[in-house]
Amino acid sequence: MIQTRNLLLLSLAAFVWFFECGQAQAADAAAGKELAEGCAGCHGADGVSQTPLTPSLAGEPDDFIQWQLVFFRGGTRKNEVMGPIAEALDNQQIRNLGAYYASLTPPRPPSALATDPLMQTGANLAIEHRCKSCHGEDFAGGGPAARLAGQREDVLLKALRDFKSGARVGTGVASMADVTFELGDADMQALAHYMATQP
Ligand code: HEC
Ligand code: HEC
């Protein structure tokens, strides 16, 4: 655990350095908004997705958006739709998109029934596996860690399954691989359901 944390800090430092050095101009959210018109067909007009298996981006941490676009561009995160899209973006455009999506109001989650048994299971699993330690007190994300609250349930479940199977590697730090190693599919379903309904 300690080792994972050190690795995470190390790669964070490398990431900050990478972006600081490449920092030609400050991020321009207005330019990001313009560029995001080309993303809206899939990710939704206000960054709130109505498309199956397509993430909402509104309210995601700026760094998270930038990291993921860099991963798609470099091929570390493999996706046949996002790969070519990210390859066409330069660093400044990625910074602008990060600033824009981070500035949007996060999705409003569907309401959950208090009696829904998956909710309690999901809440318990989130405590047991310390999801908040990286994803924040209210699962709003932070730095390279995604916002989970209000994300589409199908997206959350696919992400967890992809981390577990190794299809998604992400940061190269084993954080989500470690987390999902201990989870069964029913656990992941409960967690996805719980996170999707958090405000
Ligand atoms: C044709 C549909 C489509 C378009 C257009 C599109 N995306 Fe995506 N995007 C997807 C899908 C599908 C995924 C989920 C990939 C996966 O399952 O790993 C995704 C994932 C992402 C992610 C990762 C989010 C997360 O929570 O993991 C980011 C960031 C992203 N897209 C940004 C963009 C930006 C910025 C644009 C416009 C420049 C864009 N996308 C255009 C379909 C699209
Ligand atoms: C040690 C830190 C850490 C812990 C603990 C952790 N996560 Fe993560 N999680 C991350 C990071 C960092 C990312 C971004 C990964 C990447 O770069 O692809 C992430 C990404 C995710 C994603 C993908 C979201 C998206 O939109 O792409 C999901 C879903 C997720 N985590 C769920 C969970 C759940 C559920 C738990 C608890 C069971 C958890 N995480 C615990 C660090 C952590």
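The values are calculated or read from the model by the stated rules, or taken from the named source; none is laboratory data. Every value quoted in this text rests on a predicted model; they were computed, and no experiment measured them. Every residue, glycine among them, receives a Cβ derived from its backbone with ideal geometry; neighbour counts consider all protein chains shown. Protein only, heavy atoms only, side chains kept; ligands, DNA and RNA dropped before computing areas. Shrake-Rupley method; radii C 1.70, N 1.55, O 1.52, S 1.80 Å.
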Can you tell me the length gained on complete extension of the stretch Glu80 to Ala112, counting 0.36 nm per residue apart and subtracting the Cα distance?
8.2 nm
Within the under-13-Å Cβ sphere about Gly141, not counting Gly141, Lys/Arg +1 and Asp/Glu -1 give a net charge of -3
Which residues qualify? For Leu104, with a placed amide H closer than 5 Å and at least 5 residues away or on another chain, they are Gly59
Could you please state how large a percent of the accessible area of the range 30-140 is carbon and sulfur, counting protein chains only and using a 1.4 Å probe?
56 percent
Of the convex hull enclosing the alpha-carbon atoms of the chain, the direction-averaged projected area in nm² is 10.7 nm²
Checking the a/c ratio against 1.5 first, then a/b against b/c, what shape does the Cα gyration tensor give for the range 45-148?
prolate
With label points set 7 Å from each Cα along the Cα-to-Cβ direction at Lys132 and Ala40, the distance between them in nm comes to 3.7 nm
For the Cα atoms of the chain, what angle does the longest principal axis make with the long axis of helix 153-165, in degrees from 0 to 90, nearest 10?
90 degrees
Which angle from 0 to 90°, rounded to the nearest 10, does the C-alpha axis of helix 117-128 make with the longest principal axis of the chain?
70 degrees
Contact order relative to length of the chain, as percent, for alpha carbon pairs under 8 angstrom and 6 or more apart
25 percent
Pull out a ≥ b ≥ c, the square roots of the eigenvalues of the alpha-carbon gyration tensor of the range 24-76, then state rounded if a/c is under 1.5, prolate if not and a/b is larger than b/c, and oblate in the remaining case.
oblate
When Lys and Arg each count +1 and Asp and Glu each count -1, what net charge do the other residues less than 9 Å away from Tyr101, Cβ to Cβ, add up to?
-2
Measuring from its Cα centre, the chain shows a charge dipole (+1 at each Lys and Arg Cβ, -1 at each Asp and Glu Cβ) which, in debye to the nearest 20, is 220 debye
Quick one: helix 2-21 against the long Cα principal axis of the chain, what's the angle to the nearest 10°, folded into 0 to 90?
20 degrees
Assuming a ≥ b ≥ c are the square roots of the Cα gyration tensor eigenvalues, decide whether the range 106-199 counts as rounded (a/c under 1.5), prolate (otherwise, with a/b larger than b/c) or oblate.
prolate
